[in-house]
1. May I ask you to say which residue of Glu160, Glu145, Glu169 is open to solvent by 60 Å² or more (accessible area, probe 1.4 Å) and in contact with a Cys (Cβ under 8 Å, 6 or more places away or on another chain)?
2. Can you list the strands (runs of 3 or more DSSP E) lying wholly within the range 114-213 that have 3 or more residues being at pLDDT below 90 and under 30 Å from Tyr305 (Cβ atoms)?
3. Restricting to the range 414-453, give me the number of residues that are outside any strand (DSSP E or B) and of a type in the set (Asp, Glu).
4. Determine, yes or no, whether Ala299 is free of Cβ contacts under 8 Å to residues at least 24 places away in the same chain, of a type in the set (A, V, I, L, M) and under 30 Å from Pro228 (Cα atoms).
5. Do any residues in the range 466-490 that are over 13 Å from Ile417 (Cβ atoms) have Cβ atoms under 7 Å from those of residues that are in a loop (DSSP other than H, G, I, E, B) and open to solvent by 40 Å² or more (accessible area, probe 1.4 Å), where the two are at least six apart or on different chains, and which pairs are they?
6. Would you check if there is a residue in the range 231-242 being open to solvent by 30 Å² or more (accessible area, probe 1.4 Å) and over 30 Å from Glu306 (Cα atoms)?
7. Need the failing condition index for Leu403 against (1) surrounded by 15 or more Cβ atoms within 10 Å (Cβ to Cβ); (2) within 21 Å of the chain's Cα centre (by Cα), just the number.
8. I'm trying to understand the selection: among the residues of the range 447-458, which are at negative phi and either open to solvent by less than 60 Å² (accessible area, probe 1.4 Å) or touching a residue at least 12 places away in the same chain (Cβ under 8 Å) (or both)?
Amino acid sequence: MSQKTDNKAATSRHPIVVILGHIDHGKTTLLDYIRKTNIVSKESGGITQHLGASEIVWHDKRITFLDTPGHEIFSKMRVRGARVADVAVLVVAADDGVKPQTKEALEAVKKANIPFIVAINKIDKTTADIDRAKAGLAEIGVLLEGWGGSVPCVPLSAKEGKGVDDLLETIFLLTDLEELRGDATLPLRGIVIESHLDPRRGPAAMIIIRDGHIKKGDFILAGSAAAPVRILEDGFGKPIESAGPSSPARVVGFDAVPEIGSEAITFSSKTELEEARAALEQPAARENTPADIGILVKADVAGSYEALVEELRASVPADLPVKFFDGGVGEVTESEIKNISAAKIPFVVGFHVRMRGPILDVAERLHVSIRSFEVIYEAIDWIREELKKLAPKKITREDHGKLLVLKVFANIPAGRIIGGRAKDGVVPADAQFDIVRQGETVGKGRIISLQRNKVAATELRSGEEGGLMVQSSRAIDERDILAFYYEREA
């Protein structure tokens, strides 16, 4: 973001820092130590699955951190976090080195055009190899200080806290050069980085303030969702009266769940807000086509919903007629179950949402497959396996020999009795065949029994003659060619 302003009222603002890196490299453990919290133990499987923000004070200096998930599914969250931030910290484990999400995180930083610092974590482990991690970074174009480049590098142990002060000092040294400025006298201009449906308080959104301020009594518009600002909290969920540039602020009580990535603006009156919203709103076209397979996704926060739907869409085989029904944030409702039951084969996937007994009863009655998950890739695996069962079987044809029909002896209820000579390969006794007449396929059939020299046989080789009892879709004539083949599932 690195926002600068020429407004005379602008003052310096504190940095917004995004923590990026591969799964299990210690991003959230690092933030735990800095914030003195224990987020890791609260996340399913110890994996961050939401985009969060928090503001801390270090040596009387403020700093806002964004924590992004490392799992590949959450790529959009990493990109969004990088675009909001002033500087990035790329966390690389000293015992593991560069991994797929390390490279993806680096791409997000480059696209956002923000400076970054490399934090080589887990130096406390006996298998740590800092030089190997640095060499791996050099291979993907990250040239560190002391390794022929200018990218700052801080070895640390997030678990023990060793090197964390050095990292924070490096962040401030880097951002001081950016001369970050913000004007707290202006109305809010921010971005929604996460949103969810609070079961007790209604739709809520976490907003990072780019410029201006927000206070209780304002009216806020985030995308097309609006709210009077009555409940305002910081990144830790504590009530606050106002928030200014670079700070995270959670607003509760929107009339809909705000779309993540949308711009948030405040107004002094409800009339001004409604006028602005009316100018932005456009009628949305709704899909109303029947579906063979229906999928409905519900999640606790908008970022997870977005990531899950995107990954599930990518998992659908091209030859499966799948429709994604409108889902979103919050618990599954009875009306949603009834709506998706219109699909021939309906699935409901919940992520971090409760499935109440009455909902499960309705789903069972309407034959809707419904599951809730705490770990996102388990939800994806379930749908992938279910769709795999429904995917059309791929049939391959294996051609064998041909038979020239020399004589048609009889048509009896059990089948047709014919005589013929094998040519161009082997005629198997259990194969199917096409009836080819004057170069065109005119019917199909299969062998019931095969004899060679009036003795049961398993095949006729090229040049051999035999008698066959066959079943066919139409009559067989002398001089027809029977082309034999097997059909097998690929």
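The values are calculated or read from the model by the stated rules, or taken from the named source; none is laboratory data. A quick note: this is a predicted structure, and the numbers were derived from the prediction, not measured. Cβ atoms come from the backbone with ideal geometry, glycine included; neighbour counts cover every protein chain shown. For the accessible areas, the whole protein counts, side chains as well, though only heavy atoms, and no ligand, DNA or RNA atoms are used. Shrake-Rupley method; radii C 1.70, N 1.55, O 1.52, S 1.80 Å.
1. Glu145
2. The strands (runs of 3 or more DSSP E) meeting that bar are 189-198.
3. Of all residues in the range 414-453, those outside any strand (DSSP E or B) come to 414, 424-426, 429-431, 438-439, 453.
Then keep just the ones that are of a type in the set (Asp, Glu); that gives 424, 430.
Qualifying residue count, the range 414-453: 2.
4. Working: free of Cβ contacts under 8 Å to residues at least 24 places away in the same chain: no; of a type in the set (A, V, I, L, M): yes; under 30 Å from Pro228 (Cα atoms): yes.
So Ala299 does not fit the description; no.
5. From residues that are over 13 Å from Ile417 (Cβ atoms), the pairs are Glu489/Lys393; Glu489/Lys394; Ala490/Lys394.
6. For the range 231-242, residues open to solvent by 30 Å² or more (accessible area, probe 1.4 Å) and over 30 Å from Glu306 (Cα atoms): present.
7. The failed condition is (2).
8. If the condition is that a residue be at negative phi and either open to solvent by less than 60 Å² (accessible area, probe 1.4 Å) or touching a residue at least 12 places away in the same chain (Cβ under 8 Å) (or both), then Ile447, Ile448, Ser449, Leu450, Gln451, Arg452, Ala457, Thr458 are the ones that fit.
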